[in-house]
Every structure is written in structure tokens, then in C-alpha cells.
Amino acid sequence: MSTALAVYHGRFGRASLYRLNKPMATHAHREGHLIFYLGGLSSSVTVSDRPLELTSRFGVAVNPWQPHNFVPGDPQNGSVFLVLYIKPVWFLEAGRSAVSALRFGRNSIEMTGQVYRLVQIVSSLLLEDEFSDLFDGYLYELARECFDQSWQWIGSEPGARTGWAGVSDFRIRNSIRLMRERIGDELVLDNIARDAGLSRPHFYKLFRQNAGVTPNMYLNTLRMETSIDRLTLSADPITDIGLDLGFSSQASFTRFFTTNVGIPPSDYRRATMVCQ
């Protein structure tokens, strides 16, 4: 069964050690996303419809809002991964440079000696619960090493520039605001399309053109973020969290969370430490 070995929330975003044996649905994050193989059988991540190796030789970098999924190599015993979700604003501030926006040039990351060393240090600190300023420093060094490497062969990987590009249409900006306000409503997307004065097909087309992802994927991202916040920052029962987000039962919420985050919500709450 997929499980969390350690989860740490900080100013940078989230850092996790997971043992994963189940596939994950196609989803997206507003953070930059780095995934590194640590042990077990090799696996793969499909980013923008392109399958990539996740092995001792290659990690995977995913841009903010870039659709991706996960396919385990060992459905029985699972494999262990370091999974990072890095806030673009934190990366920009930590680098103290206006040219350091967190957008990777390519999605495949070679496990060079330096990347491997930093992955081992960050993983060890997570397992030892050593969440000090040193952790943020090593995490930034790892993210920066992957960022710099990803731009060395820019143009060699089609689709690497896809992802979040901002929303220009006021109707879609308003729709995103309504999604946040009505996140637990039934038929929320149908109602938002109607309130925007758009047919359902036109709304879906316009949303994807502006946001780079479908309305369903964007709404699922909001639900993931809201559920993670409540699991880590409150003692609310898991059933209540699911019902508030529009799920009919704890079982349906658990299925959603597991296929989008990788592990059950109860396991995520158990393994998480928060430091702001």
C-alpha cells in the first residue's frame, strides 16, 4: 500500500518521502515539482503526455500547472521517492534574482553526482526530522541545481515550456474566483459556466486556452490544496473535510485524495510536520 514515510511543510512548500505502489491520476500543482527515485523498482511519470523514466539515473521536473501522472514500477511492494513541491515565490526570493522564476527548461533531470548528493542529504534530514535552516538551504541548492541543468539543452524536449501562463480573459479570472467560493457545491462547473454567460463547451475551451489546464483539473487542484491545508492545520475529521469539498462520503474523498496525492488522507495527516 502507498504510504508516507515523512512529510514536511515549510515556507518553501512541501517535501515528502513516499513509498508508492499505486498509479496516480493526471493532475497539476501550482508549485514546481521534483521527483527522485530512492529505492525499489524504477517507475515513470508522464508529463504533458510524454512518458519519462524515474530511475537511479533520472529524476523528473514538472513546471507549475503542467499536467502529469505517475505509473509505479512495482505494484506489489512499491518504490521509495523523494517528492518536492516548491513554491515559485520562495524559489525567487531564495535566489535573490529576478531571472530565477521556477520554470524548468526540460522535464528529465540527470542524476549527476551533485544532484545525487543533495537528494541523499535532503532525504536524510527528512527521515531524521532535522527541519532547520540547513534544510531550506540544501533544498534550494537541489532545486537550483536541477533548474540550471534543465536549461542546458533547451529545445531538446518538446513541450517543456508548457504550463501556467497567466489568465487574461476576465470571465475566466472570475470563474476561478467562483471556484474557490463554491468549491463544495454540486455541479459547480456547470453553474459557473452559466454565470459567465458561456455554454459548457465554450467555457471549457476558453478556460483551457487561458489557464493551460481543464476546469476539472483546476478544480481538483483547489480541492487538493484545501484538503492538504485542513489535514495539516486543523483537527477536522476527515469525513467533514470530504463533505465540505463536495464528496458524498469519506470513501469517495479518500479515493480522490489517494489518486491525486498518492497516499490516503489519514496517512498524510499522520506523517506530516509543519514549520512556518
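Before moving on, here are some points about what is shown:
- In degrees, nearest ten, helix 250-261 long axis to first principal axis of the chain (Cα): 50 degrees
- Cβ-placed point charges (K, R +1; D, E -1), dipole of the chain about Cα centre in debye, nearest 20: 740 debye
- Between Gly95, Gly40, Gly242, the GNM of the chain built on Cα springs shorter than 10 angstrom shows Gly95 fluctuating the most.
- Model label zone, Lys22; criterion: amide N under 12 Å from point 7 Å along Cα-to-beta-carbon; scope region 235-266: 251-266
- Helix 170-181 axis, angle to the chain major axis (alpha carbon atoms, nearest 10°): 80 degrees
- One entry in (i) 80, 59, 32; (ii) 60, 52, 49; (iii) 55, 43, 36 is Cα extents along the principal axes in Å calculated from the shown coordinates; its label is (iii).
- Within the shell defined by Cβ-Cβ distances under 12 Å, the residues around Asn191 carry a net charge of -2, with Lys and Arg each +1 and Asp and Glu each -1.
- For the pair Glu128 and Asn216 in one chain, pulling the backbone fully straight at 0.36 nm per residue adds 27.9 nm over the alpha carbon distance.
- The share of accessible area on the chain that comes from carbon and sulfur is 51 percent, using a 1.4 angstrom probe.
- Using alpha carbons only, the radius of gyration of region 78-119 set against its Kirkwood radius gives Rg/Rh = 1.02.
- With the simple spin-label model, which puts each label point 7 Å out from Cα in the Cβ direction, the Leu243 to Asp74 separation comes to 4.0 nm.
- Separation of the Asp229 and Arg30 label points, Cα + 7 Å toward Cβ, nm: 0.8 nm
- The chain, relative contact order [Cα under 8 Å, separation at least 6], %: 23 percent
- Where labels lie 7 Å past Cα in the beta-carbon direction, separation of Arg117 and Asp236 in nm: 4.4 nm
- Within the chain, helix-based [θ] at 222 nm, where runs of 4 or more DSSP H residues each add -39,500 (n - 2.57), nearest 500: -13000 deg cm²/dmol
- Farthest toward positive dipole pole in the chain [+1 Lys/Arg, -1 Asp/Glu at C-beta], among Val71, Leu82, Gly95: Val71
The values are calculated or read from the model by the stated rules, or taken from the named source; none is laboratory data. This is a predicted model, so every value here is computed, not measured. Quick reminder, even Gly has a Cβ in these numbers, built from the backbone with ideal geometry, and neighbours come from all protein chains shown. The accessibility values were calculated without ligands, DNA or RNA, using every heavy atom of the protein model including side chains. Shrake-Rupley method; radii C 1.70, N 1.55, O 1.52, S 1.80 Å.
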